Amino acid sequence: MASVLEEFRLQSRFCGEFGSPFTRDLLARAADDIAAGGIVAKLTDAWPGSPRTAAVSLRLAGALHAAVLTARDPALAAGYPHARTDWSMDAVWPLAEAFLRREEAWVRDFMRSPPQTNETARSTGLACGFLWLAQTAPQPFHMLEIGASAGLNLNWDHFAYAHSPWGRERVAGPFMPTLITGAAPLWKDIAIASRAACDQNPLDPSDRHDQLRLRAYVWPDQAGRLQRLDAALALAQHEGTRVENADAAEWVRERLAGDLPDGTTVVYHSVFLQYPPAEVREAIAVAIEAAGERTTSLKQLARVSFEPESVVGGPHGSARYVLHVTRWKNGQRSDATLADVDPHGRTLNWLA
């Protein structure tokens, strides 16, 4: 199992690759502090379980960003990217280290909860999967999202999308800038009869504490992501979006029990499967497969996955993320990998 220090070094590199030099440099300094036995080493000492699965480094970065967003430390906030584009980690890190020492108890309390991001730009990939399904699958759709966080992606069809063939650029909803290459399906309005979602730690879009947690986990130098999040939270409040507190496997099993409704029931998730243990992933698959055996031509079932390839049957350790759809009709299953996707929704390369 990777050590906490290794997790910080690895996440620092990932942040750089995903377009956040600020978080890259912040976590690199935090890693140096761990190696030197400083306050970050104290905060993360003897972390239970896998530091990588727990995303310990992002918990620490989120705590610091929360302190900035709430002006808990005005001096630290003044050095962050929202206050100055010419930020310097040489100036920021001493302030961050001092805050961690001074507010150790508060930071520990913040770090108890896992990161929550609810990245709405992944909705471009999900929408591509739904549109592909809608070409041949019966409507209406019944949308079931697992691992939904605050449920922001339940409202995917109210979003604006940069993909010009869709003609959605001027839609009033949150703007998704994903660059799509390849012949992705064209936009068509889909009749949606119902929407529901679950999460083991659901967030309430109207709760200020939950809003802060989501905002804190957006990397500070990515203002566009923060703007999308704020717009998606406002939309979710307007739509009355709510997520049920439930285990994903049990919830899916209950939702798919008995006869499926007319149309197509769509179970979907994005960057979720890497977090639950293998037995939960297997239980979800078993529940969906069992329901798939009961499908007819008028009562179909689909699973849309926006996930790391390594957890959906691909090579172990693969860094590739894919959009995959499994569909059941008349008890028969079919599978298709539709696109390569960026985990933050920056790009999508259509393959199907």
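Conditions tested, residue by residue: (1) under 30 Å from PHE18 (Cβ atoms); (2) modelled with pLDDT under 95; (3) not assigned by TED's automatic domain parsing to the domain that holds ILE180.
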{"site": "VAL267", "(1), (2), (3)": "yes, no, no"}
{"site": "PHE272", "(1), (2), (3)": "yes, yes, no"}
{"site": "ALA287", "(1), (2), (3)": "no, no, no"}
{"site": "SER305", "(1), (2), (3)": "yes, no, no"}
{"site": "VAL311", "(1), (2), (3)": "yes, yes, no"}
{"site": "PRO315", "(1), (2), (3)": "yes, yes, no"}
{"site": "ARG327", "(1), (2), (3)": "no, no, no"}
{"site": "ARG333", "(1), (2), (3)": "no, no, no"}
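To keep it simple, each residue is scored yes or no on (1) under 20 Å from THR264 (Cα atoms); (2) among the β-branched types (Val, Ile, Thr).
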| site | (1), (2) |
| --- | --- |
| THR117 | no, yes |
| SER123 | yes, no |
| LEU131 | yes, no |
| ALA137 | yes, no |
| PHE141 | yes, no |
| GLU145 | yes, no |
| TRP156 | yes, no |
| TRP166 | no, no |
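Checked across segment 202-215, the condition of being touching a strand residue (DSSP E or B) at 6+ places or on another chain (Cβ under 7 Å) and in the same structural domain as PRO276 (by TED's automatic domain parsing) holds for at least one residue.
In segment 1-38, how many are within 25 Å of GLY224 (Cα to Cα), outside any helix (DSSP H, G or I) and modelled with pLDDT of 95 or more? Of the residues in that region, 1 qualify. Answer yes if at least one residue in segment 93-109 is of a type in the set (Gly, Ala, Ser), within 30 Å of PRO177 (Cα to Cα) and either in a helix (DSSP H, G or I) or modelled with pLDDT of 95 or more (or both), and no otherwise. No: zero hits.
Residues considered: ALA231, ALA249, ALA223. Of these, the only one that is out of contact with any helix residue (DSSP H, G or I) (no Cβ under 8 Å at 6 or more places or on another chain), among the aliphatic types (A, V, I, L, M) and free of Cβ contacts under 8 Å to residues at least 60 places away in the same chain is ALA231. What are the residues in segment 178-202 that are over 19 Å from ALA121 (Cβ atoms) and polar (S, T, N, Q), if any? Across segment 178-202, the qualifying residues are SER194, GLN200, ASN201. When the residues of segment 298-325 are filtered to those that are among the β-branched types (Val, Ile, Thr) and in contact with a helix residue (DSSP H, G or I) (Cβ under 8 Å, 6 or more places away or on another chain), which remaining residue is surrounded by the most Cβ atoms within 10 Å (Cβ to Cβ)? Ranking the candidates gives VAL304 first. Restricting attention to segment 157-175, the residues that are within 11 Å of LEU235 (Cα to Cα) and assigned to a loop (DSSP other than H, G, I, E, B) add up to 4. From the list LEU154, LEU203, LEU186, the one residue that fits, being in a helix (DSSP H, G or I) and not β-branched (Val, Ile, Thr), is LEU154. Among the residues of segment 252-265, not a single one is over 17 Å from LEU154 (Cα atoms), charged (D, E, K, R) and surrounded by 18 or more Cβ atoms within 10 Å (Cβ to Cβ). Per the listing ASP335, ASP262, ASP340, the residue uniquely farther than 20 Å from ALA148 by Cα and within 20 Å of the chain's Cα centre (by Cα) is ASP340. All of (1) farther than 24 Å from ARG303 by Cα; (2) among the polar types (S, T, N, Q); (3) in contact with a helix residue (DSSP H, G or I) (Cβ under 7 Å, 6 or more places away or on another chain) hold for SER164 with one exception: (3). Out of all the residues in segment 292-308, is one or more among the basic types (Lys, Arg) and more than 23 Å from the chain's Cα centre (by Cα)? Looking for residues that are among the basic types (Lys, Arg) and more than 23 Å from the chain's Cα centre (by Cα), one finds at least one in segment 292-308, hence yes. With respect to being assigned by TED's automatic domain parsing to the domain that holds ASP210, over 19 Å from ALA121 (Cα atoms) and not β-branched (Val, Ile, Thr), ALA234 falls outside the description. Determine, yes or no, whether VAL280 is of a type outside the set (S, T, N, Q) and part of a strand (DSSP E or B). No: the conditions fail for VAL280.
When ALA184, ALA193 are checked against the criterion of being within 19 Å of VAL266 (Cβ to Cβ), touching a residue at least 24 places away in the same chain (Cβ under 8 Å) and surrounded by fewer than 20 Cβ atoms within 10 Å (Cβ to Cβ), ALA193 stands alone in meeting it.
The values are calculated or read from the model by the stated rules, or taken from the named source; none is laboratory data. Note that the structure is a prediction, hence the values are computed from the model and not measured. Please note: Cβ atoms are built from the backbone with ideal geometry, for glycine as well, and neighbour counts cover all protein chains shown.
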